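Structure record follows, encoded as structure tokens.
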Amino acid sequence: MATYTYTPVPDQGAKAGVLAYLVISCVVLLLMMLFGLLMRMEQAQMISIGALWFYKIMTLHGAGMVGIVALAGAAIMWHFLRQYVDLSTGIFMANLILFLTGVVMILASVLLGDFHAAWTFLFPLPTTSMGMWSPGAAALFMGGLLVIGVGFVLLHLDIARAIISRYGGLGRGLGWPQLFGPDDGNAPPPAVVASTMVTIVNLIGLVVGASILVMMLINVYVPTFEIDALLAKGMIYFFGHVFINAVIYMAVIAVYEILPRYTQRPWKSNKVFLASWTASTIMVMFIFPHHLLMDYAYPKWFLIMGHIIGYLNTFPILIVTGYGAMMIVYRSGIRWDMCSRLLFVSLFGWAVGAMPAFIDGTITVNYVMHNTLWVPGHFHTYLLLGMVAMVFGFMYYLGKPNENAPDSALDVAAFWGFVIGTMGFTMSFLYSGKISAARRYAEHLPEWVPYDKIASYFAMLLIASVLVFIFRFLTRLGLASRDYQRASLARSMAT
Amino acid sequence: MQETAWQVSLVLMLMITFGVVFVAINSGKREEEYGPLVKRAYSFRTKLFWAVALVFFPAMIYNLMGLPYSPKAVASSGPAQVINVTGHMWYWEMDRDQVEPNQPVDIRVTSADVNHGFGIYDSDLRLIAQAQAMPGYTNVIHITFPKEGTYRVLCMEYCGVAHHNMMTEIKVGKS
């Protein structure tokens, strides 16, 4: 039976590899945000870069963001998971090297080869360029994705090995003995449960993604090797959905691990928690048809499954993880600093972003909102104010000079700039979706432009705030690797 | 529909905001005994679960009515008018661009090259229907245009450098 006594856990500094992941994440994240701003400013007619550059930047922004949040999420997961299981540093670094290799290939494909088929590389667009890019550029882009994917497969295989070795199986990593039997209070900690879930879904997603990439690479040079476009689309969205969702489940480990240190309250792997993560493991893999609701050629049951799971998927987010964070903070005496603020607001961002997301997964809504700006509206909410806030919260945690160090007014201002900037930016997206502004348009119709301008100003505020976050982390890198008490103790415990 | 989606989203997002702000405001003073607080919180969570379930499940079922995958029954019967559409990089090929109002129309959408999206906008520039145009498959939009006028068609799936220019029109009126 679970008890609710908190056992203090020492704050460990980050290994050099984790810091390398995070520094690269800072640089690429900032660059990709600037690319995003350029796209919004182009749509707002504030600059003029032309359609070709817009779509090249769009392709880089999509691939770059998905890749870099995965890298940052992996850094968080690895940092905490290695405190419970024996992970290989060599594999962790091999993933980074493969990632950087893939990034170079993608950059070359887009910047030198003019590839601009979007990060979703929907078949057969990469191989049907109308002379806009060469087969070699398409192969380089898809090869780059494949190399990055191989790195993550290696990382997850190592994590699977470590969890199996420590706990005796992936089912045990998910806490199934405690979920389906008596709860003896010995279920794995939340960090292990979350890592197990991510490993299971990502390994399956990456294998499916790699399979379609290999098929498409063959098709580039052997066009008689035909691929069914509907099958390819399903495989791509299965991989894409699983991979991008997994980044949130990796990053939320920072919340599970750090908020208890601030509140001196345990985050327990009880039955509800374990049931929620097992349910999420299944739902993340079967929800992807909600990307395909406008492909009527799929069986109707398949599309309805996407609709139904979209509704069900909100329960673990709202009722378990979101509510759990509220429970642990409520009347805790928590001391608000940049880390605790960002981690707390990240659950808010995840939960509020999930609302327009599941509504978009309603078939009758999707009929008139699919591929409008409603879609980037919801995923930017839960990724930016959710996942990315978790990453920056983790960075502030690592770099906090001591448990009582106050935040500067600039940092606090940056926090509010980040929250207001993100909400303004994403609500502009959502409102543009409401008025049917189409997604992925280099040029917007005049009716849509005012909202693009508003979004651009909020994006500037957001990026200015992120600059402060990144500057602060980089200036505190020396502290981030040391072991010392970082988390401020809750009020009545400290005084 | 868009207005409903927007308003429901806003209401749900605001409810979450109120909950988060409530917790943040009540975070300063510590309640030392976590066990009793957990019990109260779990009891409230059970109620919250059922409250959410009682709203979400009926909404989920209700929204499965009137799916766009089958023709809707219309008062004015008769054979559907058919438009055969093929998407090309970067134009729409349609075998007719005029239909009668208040009569069912089947728009058979496919593609000759890559994925496109056939999105129909009314005169207020509001998206009223769409389907993906996919090579090797035909998706059928079943629609009855209620008003005469010119409906714009925009591409709803990214298809390359002129994706945003891939537009055409459907005229609805008595021939």
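Here residue A:161 fulfils each of the conditions (1) at pLDDT below 95; (2) assigned to a helix (DSSP H, G or I); (3) not acidic (Asp, Glu) apart from (1).
For region A:317-333, indicate whether the set of residues that are under 21 Å from residue A:348 (Cβ atoms), within 11 Å of chain B (Cβ to nearest Cβ), touching a residue at least 24 places away in the same chain (Cβ under 8 Å) and touching a His at 6+ places or on another chain (Cβ under 7 Å) is non-empty. Within region A:317-333, not a single residue is under 21 Å from residue A:348 (Cβ atoms), within 11 Å of chain B (Cβ to nearest Cβ), touching a residue at least 24 places away in the same chain (Cβ under 8 Å) and touching a His at 6+ places or on another chain (Cβ under 7 Å). For region B:72-93, which residues satisfy the criterion of being surrounded by fewer than 20 Cβ atoms within 10 Å (Cβ to Cβ), part of a loop (DSSP other than H, G, I, E, B) and within 12 Å of chain A (Cβ to nearest Cβ)? Scanning region B:72-93 gives B:72, B:90.
Residue check: is residue B:121 more than 20 Å from residue A:120 (Cα to Cα), surrounded by fewer than 19 Cβ atoms within 10 Å (Cβ to Cβ), within 13 Å of chain A (Cβ to nearest Cβ) and within 22 Å of the chain's Cα centre (by Cα)? So residue B:121 does not fit the description; no.
Out of all the residues in region A:372-394, is one or more in contact with a strand residue (DSSP E or B) (Cβ under 8 Å, 6 or more places away or on another chain), closer than 20 Å to residue A:455 by Cα and either more than 14 Å from every other protein chain (Cβ to nearest Cβ) or modelled with pLDDT of 95 or more (or both)? Working first, answer last.
First, the residues of region A:372-394 that are in contact with a strand residue (DSSP E or B) (Cβ under 8 Å, 6 or more places away or on another chain): A:372-373.
Now restrict to residues that are closer than 20 Å to residue A:455 by Cα: A:372-373.
Filter again for either more than 14 Å from every other protein chain (Cβ to nearest Cβ) or modelled with pLDDT of 95 or more (or both), leaving A:372-373.
Yes: one or more hits.
Among all positions in region A:315-333, there is at least one residue which is at pLDDT below 95, of a type in the set (Gly, Ala, Ser), surrounded by fewer than 24 Cβ atoms within 10 Å (Cβ to Cβ) and not in a helix (DSSP H, G or I). What about residue A:118, is it surrounded by 18 or more Cβ atoms within 10 Å (Cβ to Cβ) and within 14 Å of another protein chain (Cβ to nearest Cβ)? Yes. Kindly establish whether residue B:30 is modelled with pLDDT under 90, charged (D, E, K, R) and over 30 Å from residue A:299 (Cβ atoms). Against the criterion (modelled with pLDDT under 90, charged (D, E, K, R) and over 30 Å from residue A:299 (Cβ atoms)), residue B:30 qualifies. Here region A:170-228 is the region considered, the condition is being among the polar types (S, T, N, Q) and closer than 25 Å to residue A:241 by Cβ, and the residue that is farthest from the other protein chains (Cβ to nearest Cβ) is A:199. Only residues that are surrounded by fewer than 22 Cβ atoms within 10 Å (Cβ to Cβ) and aliphatic (A, V, I, L, M) were counted in region A:147-177, giving 8. Candidates in region A:427-484 are the residues that are at pLDDT below 95 and among the small types (Gly, Ala, Ser); of these, the one that is surrounded by the most Cβ atoms within 10 Å (Cβ to Cβ) is A:480. Take residue A:51 and tell me if it is in a helix (DSSP H, G or I) and either more than 14 Å from every other protein chain (Cβ to nearest Cβ) or surrounded by fewer than 23 Cβ atoms within 10 Å (Cβ to Cβ) (or both). Considered against the rule, which asks whether it is in a helix (DSSP H, G or I) and either more than 14 Å from every other protein chain (Cβ to nearest Cβ) or surrounded by fewer than 23 Cβ atoms within 10 Å (Cβ to Cβ) (or both), residue A:51 comes out as yes.
Checked against (1) buried (at least 17 other Cβ atoms within 10 Å of the Cβ); (2) touching a helix residue (DSSP H, G or I) at 6+ places or on another chain (Cβ under 6 Å); (3) farther than 30 Å from residue B:161 by Cα, residue A:86 passes all but a single condition, namely (1).
Pairing residues of region A:55-83 that are touching a residue at least 24 places away in the same chain (Cβ under 8 Å) and within 16 Å of residue A:16 (Cβ to Cβ) with residues that are among the charged types (D, E, K, R) and surrounded by fewer than 24 Cβ atoms within 10 Å (Cβ to Cβ), at Cβ distances under 8 Å and at least 6 apart in sequence or on separate chains, gives A:79/A:15; A:82/A:15. In region B:94-118, the residue that is farthest from the other protein chains (Cβ to nearest Cβ) out of those that are assigned to a strand (DSSP E or B) and not hydrophobic (A, V, I, L, M, F, W, C) is B:98. Cβ-Cβ distances below 8 Å connect the following pairs, each with a first residue in region B:1-19 that is touching a residue at least 40 places away in the same chain (Cβ under 8 Å), a second residue that is outside any helix (DSSP H, G or I), and a separation of six or more residues or different chains: B:2/A:435; B:2/A:436; B:2/B:126; B:2/B:127.
Which of the residues belonging to region B:140-167 are in a strand (DSSP E or B), buried (at least 23 other Cβ atoms within 10 Å of the Cβ) and within 7 Å of another protein chain (Cβ to nearest Cβ)? If the condition is that a residue be in a strand (DSSP E or B), buried (at least 23 other Cβ atoms within 10 Å of the Cβ) and within 7 Å of another protein chain (Cβ to nearest Cβ), then B:154 is the only one that fits.
The values are calculated or read from the model by the stated rules, or taken from the named source; none is laboratory data. Note that the structure is predicted; figures quoted are calculated from it, not measured. With ideal geometry, Cβ positions are generated from the backbone for all residues, glycine too; neighbour counts draw on all protein chains shown.
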